[in-house]
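Inspection log for the structure reproduced underneath, given as structure tokens.
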Amino acid sequence: MKKKARWILLNIEELISGIALTGMLCFTVFNVTMRYVFNRPKGWATELSIICLVWATFTGAAGCFKRNQHYGMDFLVTRLPRKAQFRLRQALMLVSTVLLTFLAVMAIGFTITSTKATSYFMIPYRYINSAAAVGFTSMAIYAFHFSIMSIRDPEGFWQYYEISYDDVEMEMNLEGDLT
């Protein structure tokens, strides 16, 4: 039981995002079926689908940040010497920490001041906007953690980047097929 709770806590962003994506898919398929087969679209399904999209986006972004699975334009960084790469990535992580903390504070403020409600279910927008607060706060916490890791455990910080690049490297053979 303790192991399961720990696993859930460590993967909460991915779980929320996965549930939201599943909900979005179900509500969208249902609404498309109702619209094109029965000519009876349901407004509530669209509303729920949009709410699921917002939660999937922000929590999914946090999950990707945690695992360093965002796309990066690092073709210049990889050409630098190893020590320069490390210092640049360390500086970028510190900048990310500051930026994500700022975005988290702004998202929390935006969530607190939200006054509108959705049209069908009358769900206060603060519950929808809180997805941004959760996502940015989570990313800020991970960025802070990785910034500290870059100082305390440089090799662990380096492996954080190495592992994610090992997963996506592909080579092309002469026929143009990916291997």
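The table below gives the values:
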quantity	calculated
Pick from region 1-56, criterion under 23 Å from A140 (Cβ atoms) and among the small types (G, A, S), ranking: surrounded by the fewest Cβ atoms within 10 Å (Cβ to Cβ)	G18
First in region 15-29 and on the phi > 0 side of the Ramachandran plot and among the aliphatic types (A, V, I, L, M), second anywhere and part of a helix (DSSP H, G or I) and surrounded by 14 or more Cβ atoms within 10 Å (Cβ to Cβ), Cβ under 9 Å, 6 or more apart	none
When residues of region 57-81 are limited to those that are free of Cβ contacts under 8 Å to residues at least 40 places away in the same chain and part of a helix (DSSP H, G or I), the one surrounded by the most Cβ atoms within 10 Å (Cβ to Cβ)	C64
Top-ranked residue in region 86-109 [being polar (S, T, N, Q) and without any contact (Cβ under 8 Å) to a residue 60 or more places away in the chain; ranked as surrounded by the most Cβ atoms within 10 Å (Cβ to Cβ)]	T97
For F102: the one exception among (1) over 21 Å from G135 (Cα atoms); (2) part of a helix (DSSP H, G or I); (3) among the hydrophobic types (A, V, I, L, M, F, W, C)	(1)
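A short reminder: the numbers here are calculations on the coordinates, not readings from a lab. Predicted model, so just to flag it, every value in this text is computed and none were measured. As a convention, Cβ positions derive from the backbone with ideal geometry for all residues, glycine included, and neighbour counts pool all protein chains shown.
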